[in-house]
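J.: One structure coming up, written as structure tokens, with questions to follow.
The values are calculated or read from the model by the stated rules, or taken from the named source; none is laboratory data. As the structure is a computational prediction, the values presented were derived from the model and not from experiment. With ideal geometry, Cβ positions are generated from the backbone for all residues, glycine too; neighbour counts draw on all protein chains shown.
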Amino acid sequence: MTSVTPKGYLHPIVMADIPLPLQFLAAWIGTWVTRHQERAIAYLKEENRVLRARLGGRVCLTDPERRSLARIGKELGRKALGEVAGIATPDTILRWYRELVAKKYDGSRKRGPGRPRKAHEIVKLLVRMATENPTWGYTRLRGALRNLGYEIGRNTIKRVLKEQGIEPTPTRGRRYSWGTFIKAHLGAIAAADFFTVEVMSLAGLVRFHVLFVMDIASRTVEIAGITASPDGGWIEQIGRNLLDAEEGFLRGKRYLIIDRDPLYTGEFRQMLEAAGVKVLRLPPRSPDLNAFAERFVLSIRSECLDRIVPLGEGHLRRTIREYLEHYHRERNHQGIGNRLIMPRPEPANSNGVVRRRNALAGC
């Protein structure tokens, strides 16, 4: 019969086969080695105590030193550490070992920030779809994106729109933004506005009022009237000119944006309404709602009128007329793709020759 013993132990039958003198010799060697190790440990402990007493205070260890002590301390065990540990307590050394093991199996550095966020281009496209189509819900938006090759979950669409401050469909569908209204009616909407110019005359400075109208779609501008004494009769005559069946600027227009200037009299507005042009009066103190017209005023002032002093009404009219020629045929407009409103036809045999001319004496 064969008996099995734990690994590292000699079977009693095997020990019995060893001669007795050799057994005594082995026991003496083991005892000597043990005593030698005990003396060495005692010496190291005393040396450690002396060194710590000389250093004084707490000993600061580096990370590699902590790792080395943690590995050896784990092998010794808590009881043995209690006898030999001097720099730190056994609990501290074993805690270092646990942190070392945890750090070894920590995969947080390899992990990403979580579920990847959608690309900025997709978010931009989603916001544009939701803004320009206020009646589209999350499911409709998801289908529209799928048609373009983007597969996005419904809850993701909901979260993105919420982050962008876009409300759900029932609320968004009841509100019609001003920008959406303008885009939806391009070609059928015009804007009108006044600006004033100080003109030098024989009687001194005279303030002239200039009324202009603009086609929002093409950015075309027409000066409707210039006068130093605007009144109801003047503005009504301008209304008749704008509604002329052959040359009126408002032919084919359905809306006209104006502010609450008292010069737009009730008779003027009624005349336009009777001709089928709905007048959209802006709320008080809201110049941004007529931004296209306000931008033209900024352009003509900064590029022309602020650089000269008009000498009489004739000079003012000629100046504005020449600027409008530049505005329509020579000035690029970012709002329409950085193009010209009315580009000049290129001569057949120009041969690349560039010709220049002075306008308003070089202003």
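J.: Enumerate the pairs (first residue in segment 138-152 and in the same structural domain as LYS162 (by TED's automatic domain parsing); second residue anywhere and surrounded by fewer than 10 Cβ atoms within 10 Å (Cβ to Cβ)) with beta-carbon separation below 8 Å, excluding pairs fewer than 6 apart on the same chain, so at least 6 apart or on different chains.
T.: LEU145/GLU151
J.: So which residues in segment 215-235 are of a type outside the set (Ser, Thr, Tyr), in contact with a Phe, Trp or Tyr (Cβ under 7 Å, 6 or more places away or on another chain) and more than 22 Å from ASN290 (Cα to Cα)?
T.: ALA228
J.: Now for a separate question. Out of the residues in segment 22-75 meeting the condition of being β-branched (Val, Ile, Thr) and over 23 Å from ALA88 (Cβ atoms), tell me which one is modelled with the lowest pLDDT.
T.: Out of the qualifying residues, it is VAL33.
Results for (1) outside any loop (DSSP other than H, G, I, E, B); (2) over 37 Å from the mean Cα position of the chain (by Cα); (3) closer than 30 Å to ASN338 by Cα; (4) in contact (Cβ under 8 Å) with a residue 12 or more places away in the chain, shown as yes or no for each residue.
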residue: ARG219; (1), (2), (3), (4): no, no, yes, yes
residue: GLY225; (1), (2), (3), (4): yes, yes, yes, yes
residue: ILE238; (1), (2), (3), (4): yes, yes, no, yes
residue: ALA245; (1), (2), (3), (4): no, yes, no, no
residue: LEU250; (1), (2), (3), (4): no, yes, yes, yes
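J.: I need the full set of residues from segment 327-339 which are surrounded by 13 or more Cβ atoms within 10 Å (Cβ to Cβ) and over 14 Å from THR220 (Cβ atoms), in order please.
T.: Passing the criteria: only GLU330.
J.: For segment 130-142, which positions are at pLDDT below 85 and of a type outside the set (Ser, Thr, Tyr)?
T.: Of everything in segment 130-142, those that are at pLDDT below 85 and of a type outside the set (Ser, Thr, Tyr) turn out to be ALA130, GLU132, ASN133, PRO134, TRP136, GLY137.
J.: Write out, first by first residue and then by second, each pair whose Cβ atoms fall under 9 Å of each other, whose residues are 6+ apart or on separate chains, and whose first residue, in segment 30-49, is in contact (Cβ under 8 Å) with a residue 12 or more places away in the chain while the second is assigned to a helix (DSSP H, G or I) and among the charged types (D, E, K, R).
T.: Within 9 Å, the pairs are ILE41/GLU83; LYS45/GLU83.
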